[in-house]
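A.B. asks: Can you keep this structure in mind? I'll have questions shortly.
The values are calculated or read from the model by the stated rules, or taken from the named source; none is laboratory data. All figures in this text were calculated on a predicted structure; none of them were measured in a lab. So basically every Cβ, Gly included, is an ideal-geometry build from the backbone, and we count neighbours across all protein chains shown. Only protein heavy atoms, including side chains, enter the accessible area calculation; ligands, DNA and RNA are left aside. Shrake-Rupley method; radii C 1.70, N 1.55, O 1.52, S 1.80 Å.
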Amino acid sequence: MRTLRARLSARVFFYSFLLIGLVGLFSPLSYNVLPANAMFECVLLLCAALIVKIPKRSVIAFFIGSVLYVGISYVLMLLFQPAHILDFAQAYKAFFYIAPLCLFFGANVFSRSSAVKLLKWLLVMFLAKYAYSISLDLTPRMGSRPGLYVENNFELIFLMLMFYILRNDLGRRMVLWFAVLVAIIGLSGSRSSVLALLVLFYGLFLNRLTLRTFFYMAGLLALGGVAVAIFVLRSDGGGIQSIDRYNFMMVFLGEVAHWPAWKFLLGSMPLTPLSSYSCQSLSYYEDLFSFSGDGHCYSVILHSYFLRAVFDHGILGLLFLLTFMVMALKKSGYSRIEVVVVLGIVCSSALSVSAMNSVFVSLALALAMGLRRPMEAQPHDTQPLQTQ
């Protein structure tokens, strides 16, 4: 029965990406006519529910800690600063995701061969959607920042994490598939994805010094040139003040200017809104204002997850999330350099977008933790499934 539920969980995971991706491929005027983000959150919960079990000893403390933290924070919010429940969910998503991720840890539910097939299909679909969106320019958004599921800042991080996790399974054609990935990111116009791509390039080609390293360094310089070009094209020639992330940083610094040291460690009270001045200065992003419609805005409007995490959860909260990822990946059998590369890709995303707060990062981590390791790399505390 356990094996049957594990198989079903893997099929839901893989077929969801494939089918929702096909819908996105044939959605020329938008990312996807389906509510892909919400659907993938349901996929994560459903797949975790299908393999539900007592979390392994290595992650049980993180499971309990995240549940208690979210529960206590919600009670404090209700008592002292009542807010819309969707605003709360937005701020605490990363901690919500830890609970289902703990169920994937050591579960060995995902077939490597099936995962590689999905990766290849995704690379083809991403390239096709991005290429025809840029070429046809049917809408301003799709003609400049195409997407298959959602905004490409989010979905491309998943694609890069999946590529790195499965790189050795791609065999001799790995470099060819990597070229496809580079083309996709070049078409995307996503600055955060270019930074993540540089980390991925290091993980693929530069983690061992050989004669080939010099050729790979030339490739890295070329990618760096692409990164500079994208940053320049997106800056509108207005200097550093024209870079939106700089403005978000200045708003954050203004909000925490008078914080005592302990507040940097623990963060603000659950769902503390930004000042009215900060909200007004970021009024261009009114879509990110409170779901309650009362004019308040919260840390989500700062865009950078590092800024959001420190404001809402403090440095200790951010360290909790990073420690979970490091420990779970190491205990899943990944080497130190592999953990560093995965963490680097996620953190490059956290400089700009949601990172750990994104369901796409959580799905990539679920795949990494639940993927069947090669037999020689099986960790001691997991048992592979007996059937494919």
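A.B. asks: Are there any pairs, at least 6 apart or on different chains, whose C-beta atoms fall under 7 Å, with the first in segment 174-199 and on the phi > 0 side of the Ramachandran plot and the second open to solvent by less than 40 Å² (accessible area, probe 1.4 Å), and if so, which?
C.D. replies: Gly189/Arg145; Gly189/Ile230
A.B. asks: Also, I was wondering about something else. Out of all the residues in segment 275-287, which are assigned to a helix (DSSP H, G or I) and either modelled with pLDDT of 90 or more or open to solvent by 60 Å² or more (accessible area, probe 1.4 Å) (or both)?
C.D. replies: Ser276, Tyr277, Ser278, Cys279, Gln280, Ser281, Ser283, Tyr284, Glu286, Asp287
A.B. asks: A further question on this structure: Within segment 71-85, identify whether any single residue is under 22 Å from the mean Cα position of the chain (by Cα) and at negative phi, and answer yes or no. It would help to see each step written out before you state the result.
C.D. replies: In the first step, residues of segment 71-85 are kept if they are under 22 Å from the mean Cα position of the chain (by Cα); the result is none.
Looking through segment 71-85, none of the residues is under 22 Å from the mean Cα position of the chain (by Cα) and at negative phi.
A.B. asks: Step by step: first the residues of segment 286-335, then only those that are under 17 Å from the mean Cα position of the chain (by Cα) and among the small types (Gly, Ala, Ser), then the one that is farthest from Val251 (Cα to Cα). Which residue is that?
C.D. replies: Out of the qualifying residues, it is Ala328.
A.B. asks: Return yes when Ala6 is over 21 Å from Glu155 (Cβ atoms), part of a helix (DSSP H, G or I), in contact with a Leu (Cβ under 7 Å, 6 or more places away or on another chain) and open to solvent by less than 40 Å² (accessible area, probe 1.4 Å) and no when it is not.
C.D. replies: yes
A.B. asks: Right, here's the next one. Could you go through segment 31-38 and let me know if any residue there is in contact (Cβ under 8 Å) with a residue 40 or more places away in the chain, within 30 Å of Pro270 (Cβ to Cβ) and part of a helix (DSSP H, G or I).
C.D. replies: The answer is yes; a qualifying residue exists.
A.B. asks: If Leu351 satisfies all but one of (1) free of Cβ contacts under 8 Å to residues at least 40 places away in the same chain; (2) open to solvent by 50 Å² or more (accessible area, probe 1.4 Å), what's the number of the condition it fails?
C.D. replies: (1)
A.B. asks: Now for a different question. Quick one: which residue in Ser283, Ser275, Ser292 is touching a residue at least 40 places away in the same chain (Cβ under 8 Å), more than 22 Å from Ile345 (Cα to Cα), out of contact with any Lys or Arg (no Cβ under 6 Å at 6 or more places or on another chain) and small (Gly, Ala, Ser)?
C.D. replies: Ser292
A.B. asks: Sort through Leu156, Leu161, Leu101, Leu119 and tell me the only one that's under 16 Å from the mean Cα position of the chain (by Cα), free of Cβ contacts under 8 Å to residues at least 60 places away in the same chain and open to solvent by less than 10 Å² (accessible area, probe 1.4 Å). Step through it out loud before you land on a result.
C.D. replies: On the way: Leu161 fails: free of Cβ contacts under 8 Å to residues at least 60 places away in the same chain; Leu101 fails: free of Cβ contacts under 8 Å to residues at least 60 places away in the same chain; Leu119 fails: under 16 Å from the mean Cα position of the chain (by Cα).
Sole residue among the options that is under 16 Å from the mean Cα position of the chain (by Cα), free of Cβ contacts under 8 Å to residues at least 60 places away in the same chain and open to solvent by less than 10 Å² (accessible area, probe 1.4 Å): Leu156.
A.B. asks: Take the residues of segment 70-89 that are open to solvent by 70 Å² or more (accessible area, probe 1.4 Å) and touching a Phe, Trp or Tyr at 6+ places or on another chain (Cβ under 7 Å): which is farthest from Phe289 (Cα to Cα)?
C.D. replies: Tyr74
A.B. asks: Say whether the condition of being open to solvent by 70 Å² or more (accessible area, probe 1.4 Å), basic (Lys, Arg) and not in a helix (DSSP H, G or I) is met by at least one residue in segment 46-58.
C.D. replies: Looking for residues that are open to solvent by 70 Å² or more (accessible area, probe 1.4 Å), basic (Lys, Arg) and not in a helix (DSSP H, G or I), one finds at least one in segment 46-58, hence yes.
A.B. asks: For segment 126-148, state whether one or more residues are part of a helix (DSSP H, G or I), under 17 Å from Ala355 (Cα atoms), out of contact with any Leu (no Cβ under 7 Å at 6 or more places or on another chain) and open to solvent by less than 10 Å² (accessible area, probe 1.4 Å).
C.D. replies: Checked against the condition, which is being part of a helix (DSSP H, G or I), under 17 Å from Ala355 (Cα atoms), out of contact with any Leu (no Cβ under 7 Å at 6 or more places or on another chain) and open to solvent by less than 10 Å² (accessible area, probe 1.4 Å), segment 126-148 yields no hits at all.
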